[in-house]
Amino acid sequence: QVHVVESGGGLVQPGGSLRLSCAASGIDFNILDMGWYRQAPGNQRELVAEITSGGSTNYADSVKGRFTISRDNAKNTVALHMNSLNTEDTTVYYCNAHYVVLNFWGQGTQVTVTS
């Protein structure tokens with residue numbers, strides 16, 4: 001059984017930083033494309049950043065230059081380093097593990113940016 005578990009959300013002031021982490025188990029991590037998504041109430045889930053099994057990355061325009069996605073295949077984890085956070089980044093962040101037609105989601109972690 002595949003498990004995807006996020007950690008690292010919390011409360012931060014505008015301009016601050018947070019690091020989200022996601023661990024995937026139950027499947028060969030090396031073959032997975034990994035991504036971070038976020039979803040505000042009433043909105044569709046949107047891609048924040050993704051990293052392929054080969055290490056290629058892609059970012060939403062709204063986070064380019066502020067967020068960095070990275071993966072550690074030895075630890076079966078993917079991280080999202082978030083800098084220069086603003087109130088518009090407040091929402092629930094979800095980790096996604098993807099391989100061909102298979103999609104696995106974590107339970108989500110809340111990020112709140114407030115003064």
Pull out all pairs, ordered by first then second residue, where Cβ-Cβ is under 6 Å, the residues are six or more apart or on different chains, the first lies in the stretch 69-95 and is closer than 16 Å to S21 by Cβ, and the second is among the acidic types (D, E). C95/E6
Checked the stretch 35-55 for anything touching a Lys or Arg at 6+ places or on another chain (Cβ under 6 Å) and among the hydrophobic types (A, V, I, L, M, F, W, C); matches are V48, I51
Quick check, is Q110 open to solvent by 50 Å² or more (accessible area, probe 1.4 Å) and out of contact with any strand residue (DSSP E or B) (no Cβ under 6 Å at 6 or more places or on another chain)? no
Condition test on R71, is it under 20 Å from S7 (Cβ atoms), surrounded by fewer than 18 Cβ atoms within 10 Å (Cβ to Cβ) and of a type outside the set (S, T, Y)? no
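Taking the residues in the stretch 24-68 that are within 25 Å of N86 (Cβ to Cβ) and among the acidic types (D, E) as candidates, determine which candidate is surrounded by the fewest Cβ atoms within 10 Å (Cβ to Cβ).
Among residues in the stretch 24-68 that are within 25 Å of N86 (Cβ to Cβ) and among the acidic types (D, E), the one surrounded by the fewest Cβ atoms within 10 Å (Cβ to Cβ) is D61.
The values are calculated or read from the model by the stated rules, or taken from the named source; none is laboratory data. These numbers come from a predicted model, not from an experiment. All Cβ positions, glycine included, derive from the backbone under ideal geometry; neighbour counts span all protein chains shown. The area values use the complete protein model at the heavy-atom level, side chains included, leaving out ligands, DNA and RNA. Shrake-Rupley method; radii C 1.70, N 1.55, O 1.52, S 1.80 Å.
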